[in-house]
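J.: Next up is a structure, given as structure tokens.
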Amino acid sequence: MFTARIRAGPVTGREGGQVTVEAAIALSALLAVFGLILAGLGAIVDQLRCTDAAREAARLVARGQRHLATEAVRTIGPDGARLAIRAAGEGVTIAVAEAPGTGSLPGVRAHAEAYALLEPGVRPPPEVGGSTDGLR
């Protein structure tokens with residue numbers, strides 16, 4: 001049986017810290033990528049929370065329970081979520097948006113809209129929060 005012997009040459013003074021530097025750069029890059037992945041997952045969670053809050057608020061407003069819709073957005077939506085209600089004919093459009101600067105990624109804001117038909121006997125609510133376009 002033959003065994004191979006690998007013999008490294010002597011390390012000179014100039015190359016002695018090269019492996020340490022390469023490891024530090026690789027570790028820093030790995031941590032940066034991991035941080036971006038976590039921030040992206042946080043943005044996805046905020047978007048899902050906005051979508052759930054808008055859907056629930058639209059359902060509540062359509063039933064005539066606007067006060068509960070505001071509470072639902074505050075509870076279900078991301079921190080600082082804003083609510084806008086726009087009545088259009090027999091339906092209502094609800095927009096929920098994350099407050100500027102509160103997201104996990106700079107320049108990315110979660111925003112969701114939901115539409116629901118008003119239940120029989122429920123009057124269209126007054127518009128709250130202005131235009132839903134302003135929340136984007």
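J.: What list do you get for Leu38, Leu118, Leu83 if you sort them by fewest beta carbons within 10 Å?
T.: Details: Leu38 11, Leu118 18, Leu83 23.
In increasing order of surrounding Cβ atoms, one gets Leu38, Leu118, Leu83.
J.: Among Glu90, Glu113, which comes first, second and so on when ranked by fewest other beta-carbon atoms within 10 Å?
T.: Details: Glu90 11, Glu113 19.
Final ranking by Cβ density, sparse to dense: Glu90, Glu113.
J.: Ala110's amide H: which non-local residues (gap 5+, or another chain) put their own amide H closer than 5 Å, with H modeled 1.01 Å from N in plane and none for Pro or chain starts?
T.: The list, which skips near neighbours in sequence, is Glu98.
We did not get these values from a lab; they are worked out from the coordinates using the rules stated. Nothing here was measured: the structure is a model prediction, and the numbers come from that model. Ideal geometry is used to build each Cβ from the backbone, glycine not excepted, and the neighbour counts take in all protein chains shown.
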